[in-house]
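Here's the structure we're looking at; comments come further down.
The values are calculated or read from the model by the stated rules, or taken from the named source; none is laboratory data. Here the structure is a predicted model, which means the values were calculated and not measured. Accessible surface is based on the protein model in full, side chains and every heavy atom, while ligands, DNA and RNA are left aside. Shrake-Rupley method; radii C 1.70, N 1.55, O 1.52, S 1.80 Å.
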Amino acid sequence: QFRTPIALVTAISLGVVVVTGIAGRYLYALTPRPDPAALDDALSSLDELAPGSRARVHQALAIHKVTKVDTHHWLVAKLAAVPRWIREARTRGFLVSYAIEDVPMARVLGRKERRRFRKAKRAVRKYATREVVAVGASSLLQSWRGFHRLLAVLLVLLVPVHIAVAWIYG
């Protein structure tokens, strides 16, 4: 019953903690993971079709490293960094595509090989950009988890106050 402001705040806190917990868990499940083995497999198939492409991609990835975010930043600061992460992922994808397209052997492939080449190129680009998204999303969810813990502590502190008020004024 919402007869007192403490009861109302406690109920709202409980609702917020439950909703942020469910939302955070859902977002965590959607977060991509960097997959170096899959990137290596895609690079192997690409290098098979266009020798030298693996070295070019590794060089491009070494030039455009993933920006690490300080883990102590607040959730709002990390939310503000999301557009930068999106730009970095696109830039990294374009850089990888450019490095692959610049390989001389890629232009003289047959029809089937060109199809395999395009498929391998898409896979390499996907795994290269996924690393940026994974780093950004895990950093963001780490702050989300801190926010959720703060709300849970607030709830734990409010429940005894609510019980005491209900007991005293019963």
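Below is a table of values for the structure above.
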| quantity | calculated |
| --- | --- |
| Theoretical gain in end-to-end length, SER44 to HIS58 [0.36 nm per residue, Cα-Cα removed] | 3.8 nm |
| Qualifying lysines (Cα of each under 27 Å from Cα of LYS119; at least 8 residues distant if same chain) | LYS65 |
| Length-normalised contact order of the range 56-167 in % [C-alpha pairs under 8 Å, at least 6 apart] | 42 percent |
| Extension gain, TRP167 back to THR4 (0.36 nm per residue minus Cα-Cα distance, nm) | 57.4 nm |
| Cα-based helix-to-principal-axis angle, 5-30 vs the chain, degrees rounded to 10 | 20 degrees |
| Folded to 0 to 90 degrees: helix 36-49 orientation relative to the chain principal axis, Cα | 20 degrees |
| Sulfur and carbon atoms: percent of accessible area, the chain [1.4 Å] | 65 percent |
| Helix axis angle, 53-63 relative to the chain longest principal axis, alpha carbon, degrees | 40 degrees |
| Cα-derived Rg over Rh, computed across the range 1-158 with Rh taken as Kirkwood radius | 1.21 |
| Dimensionless Rg/Rh of the range 68-164 - Kirkwood Rh, Rg from C-alpha atoms | 1.32 |
| Surface accessible to a 1.4 Å probe, per residue, for the residues of the chain, Å² | 66 Å² |
| Descending Cα extents along the principal axes, the range 9-83, whole Å | 64, 22, 17 |
